[in-house]
Amino acid sequence: MNPRTPTGQPPQSTLLSARKPKIDWESFEAWLFKEYRRFTALDRLRYAKRYADCLLNRDLGKLKMLNDSLREHVLKALSALSKFLGMHEEFLRLVKNYGLKWSSRRSEDFIIARLTRNVNAEQILDWVKKVKEKAPELSDFMDFMLATGLRYTEAIESYNLIIELAKQNRLNEYYNEEKEALEHFRFKDKFIRNSKKAFISFVHKQLVQKIAKNKPLDWSKVRKKIEWRVGKLKFADLREYHATFMTKFLSRAEIDFLHGRVSTTVFMANYFNPALIGDLKERVFKAIREIEAKIS
């Protein structure tokens, strides 16, 4: 028999226990790998396991003691877990009630951080040259990243998919030769994930053909190889450089589209259609040629 309070109601601890769902961690892990890329999924799983009790006990007080960076990781992990358990709305109410913020940095803080960061375009391109010199087997991959501006994990995924499909004589299912575009949107499970999206990338046929003859890359081994032979990784800086350089040739909406940043503005959601922009490919290739000239 359950204990009762003087009012005849079960104590709060009993109510919490009755509402506390059991977590099937194997199913949650499988769900994460469907929703997120490998590195992100592993990050979410690790923090969810460590802080799951905060969610299940409806007590996020412990999170207030964490530093901003760690708290952001934990909140993202618990958000994913709450969606899996069907209690996301309750999780959002808890976050609001505890006065927690996903990040304490405002938009102007990010801009100031970029302005004061000791990295410039010349340093980024020098880093690319050094990687190609010290790890020549990664030359095509670095050219691919320069051409597409994809996120590192997306670039690895795309690079390997080119190789895999070429071996199966199915590359035409991914690379549209007429448009000279990799159509990522045809492989939604790989490239359309929550806020991380990639739709298309314009790439010269010659580079795609070179990649098709290469061996697949392992994302963790590539990182380790570059760290060992060259030093600090600068893939995020390279993507930022690509977007900034493209402003000479493309509009903000066009850059956001190519970088997979599709906002919920009325224009982007209802009116922006890259298929109607006849010279988009030509302007992208013009920019790519200028970038390639800088590292040749």
Near pairs, Cβ below 8 angstrom, 6+ apart or cross-chain, from the range 56-76 (of a type in the set (Gly, Ala, Ser)) to any residue that is open to solvent by 60 Å² or more (accessible area, probe 1.4 Å): Gly61/Tyr98
Selection within the range 1-45 - among the hydrophobic types (A, V, I, L, M, F, W, C), modelled with pLDDT under 85 and open to solvent by 70 Å² or more (accessible area, probe 1.4 Å): Met1, Leu15, Ala18, Phe39
Set Ser158, Ser139: member being open to solvent by 10 Å² or more (accessible area, probe 1.4 Å), outside any loop (DSSP other than H, G, I, E, B) and of a type outside the set (D, E, K, R): Ser139
Residue match in the range 80-99 (condition: modelled with pLDDT of 90 or more, open to solvent by less than 100 Å² (accessible area, probe 1.4 Å), within 30 Å of Lys232 (Cβ to Cβ) and in contact with a Lys or Arg (Cβ under 8 Å, 6 or more places away or on another chain)): yes
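Yes/no matrix, rows are residues, columns are (1) crowded, with 18+ Cβ neighbours inside 10 Å; (2) of a type outside the set (Phe, Trp, Tyr); (3) modelled with pLDDT under 85:
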residue	(1), (2), (3)
Asn214	no, yes, no
Lys224	no, yes, no
Leu238	yes, yes, no
Ser263	no, yes, yes
Tyr271	no, no, yes
Qualifying residue in the range 86-93 (condition: among the small types (Gly, Ala, Ser) and part of a helix (DSSP H, G or I)): no
Residue that is farthest from Ala155 (Cα to Cα) [pool: residues in the range 240-261 that are of a type in the set (D, E, K, R) and open to solvent by 20 Å² or more (accessible area, probe 1.4 Å)]: Lys248
Filter result (part of a strand (DSSP E or B) and over 15 Å from Arg151 (Cα atoms)) within the range 183-201: Glu183
Residue satisfying all of: in the range 46-70; farther than 18 Å from Trp31 by Cα and within 19 Å of the chain's Cα centre (by Cα); least open to solvent (accessible area, probe 1.4 Å) among these: Leu70
Qualifying residue in the range 209-231 (condition: in contact with an Asp or Glu (Cβ under 6 Å, 6 or more places away or on another chain) and in a helix (DSSP H, G or I)): yes
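The values are calculated or read from the model by the stated rules, or taken from the named source; none is laboratory data. Everything quoted here is computed from the prediction, not taken from an experiment. We place every Cβ from the backbone using ideal geometry, glycine too, and count neighbours over all the protein chains shown. Surface accessibility is based on the protein's heavy atoms, side chains included, excluding ligands, DNA and RNA. Shrake-Rupley method; radii C 1.70, N 1.55, O 1.52, S 1.80 Å.
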